[in-house]
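Trainee: Would you mind keeping the following structure in view while I ask a few things?
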Amino acid sequence: MTKLTSLLKKIREIYLYSDSQPTEITLGVCLSVLAPVVTTIEIGFMPIFLLFIMFTGVFQLYCVGNEDLKCRMRAATLSMSAYLAVFLMYVIKGTIFVSPTHWGWFVLAFSSWGVFKRLNTEFLHRQKRS
Amino acid sequence: MDSWIQILVTVVTVAGSGAAFQFYTNRMKLKAELDKDIVQNSDGVQYRDDLKNRVRNLESLLAQSADEKDELRTKILQLTEEVSTLRVKVEYLEKENQLLKMR
């Protein structure tokens, strides 16, 4: 029981404080490449929305590449909203309960939220140090 | 899917993202400041500050008493010197007195 508690504590610590660049890159690539293809196949061609999510993904990759913390925070919030928007599109289309994998967008939104939290913690620590 | 739905969802997403960013940034900032205040006002920190003040007071008292001790030592030396001088004087005066009596 103690081991399980310490394990959960450790996981929580890693979730809150670990380095999140690889996750950001994955989320960015997913938004800019995977999301447009999948949503076009499953929901239909939505040029305005596709442009938006592709821009969000590229913006996230740009921020990670630039190593700009404030930009990364903005990109993380934007990507979280974009994933929620994709989820919303499935809800509007009425196919959210067609396949459980559609809920994966929600998981990705949660992941973006985690990235934002970690970046915000890092930002506050940097501010405290300077 | 209709264009207006796409536009609506995109606009809502962008606006929501901006609002969420502002809200959570401020919220986490406030929370961090609150945590800092809690740490500063905690019993442990207050006890530590109290101990620091007490140590500072005791150190100043110790330095003060060391200065006083030096002053007193100087005074004792002066007084011992004066006593020796007076003792010699008294001896001479007693001898002179006896000589005067004998005459």
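The values are calculated or read from the model by the stated rules, or taken from the named source; none is laboratory data. Just so we're clear, the structure is a prediction, and the values are computed from it rather than from any experiment. With ideal geometry, Cβ positions are generated from the backbone for all residues, glycine too; neighbour counts draw on all protein chains shown.
Trainee: Select from the stretch B:1-39 the residues that are of a type outside the set (D, E, K, R), more than 7 Å from chain A (Cβ to nearest Cβ) and farther than 16 Å from residue A:77 by Cα and list them in ascending order.
Mentor: B:4, B:8, B:30, B:34, B:38, B:39
Trainee: Next question, about the same structure. Test each condition in (1) outside any loop (DSSP other than H, G, I, E, B); (2) without any contact (Cβ under 8 Å) to a residue 40 or more places away in the chain for residue A:45 and report the one that comes out false.
Mentor: Result: residue A:45 passes all but (1).
Trainee: Quick check: is even one residue across the stretch A:91-100 assigned to a helix (DSSP H, G or I), at the interface with another protein chain (Cβ under 9 Å from one of its Cβ atoms) and more than 23 Å from residue A:115 (Cβ to Cβ)?
Mentor: The answer is yes, given that some residue of the stretch A:91-100 is assigned to a helix (DSSP H, G or I), at the interface with another protein chain (Cβ under 9 Å from one of its Cβ atoms) and more than 23 Å from residue A:115 (Cβ to Cβ).
Trainee: Something else about it: Could you look through the stretch B:1-39, keep only residues that are over 23 Å from residue A:90 (Cα atoms) and among the aromatic types (Phe, Trp, Tyr), and pick out the one that is surrounded by the most Cβ atoms within 10 Å (Cβ to Cβ)?
Mentor: The extreme case among them is B:21.
Trainee: Looking at the structure I just gave you, is residue A:26 modelled with pLDDT of 90 or more, over 21 Å from residue B:16 (Cα atoms), assigned to a helix (DSSP H, G or I) and within 14 Å of chain B (Cβ to nearest Cβ)?
Mentor: When the stated conditions are applied, residue A:26 does not pass them.
Trainee: Identify, from the list A:86, A:107, A:64, A:29, the residue that is loosely packed, with under 13 Cβ neighbours inside 10 Å and within 16 Å of the chain's Cα centre (by Cα).
Mentor: A:107
Trainee: Within the stretch A:101-125, how many residues are within 11 Å of chain B (Cβ to nearest Cβ), among the polar types (S, T, N, Q) and within 28 Å of residue B:1 (Cβ to Cβ)?
Mentor: Number satisfying all stated conditions: 1.
Trainee: Give the residues of the stretch A:43-93 that are of a type in the set (D, E, K, R) and under 21 Å from residue B:24 (Cβ atoms), sorted by residue number.
Mentor: A:68, A:70, A:72, A:74
Trainee: Tell me yes or no: at least one residue of the stretch A:62-72 is over 30 Å from residue B:31 (Cα atoms), within 14 Å of chain B (Cβ to nearest Cβ) and assigned to a helix (DSSP H, G or I).
Mentor: no
Trainee: Next question. For the stretch A:43-54: of the residues being more than 8 Å from chain B (Cβ to nearest Cβ) and surrounded by fewer than 16 Cβ atoms within 10 Å (Cβ to Cβ), which is nearest to residue A:97 (Cα to Cα)?
Mentor: Within the stretch A:43-54, the match that is nearest to residue A:97 (Cα to Cα) is A:45.
Trainee: Does any residue in the stretch B:7-36 that is among the charged types (D, E, K, R) come within less than 7 Å, Cβ to Cβ, of a residue that is in a helix (DSSP H, G or I) six or more places away or on a different chain, and which pairs are these?
Mentor: B:29/A:124
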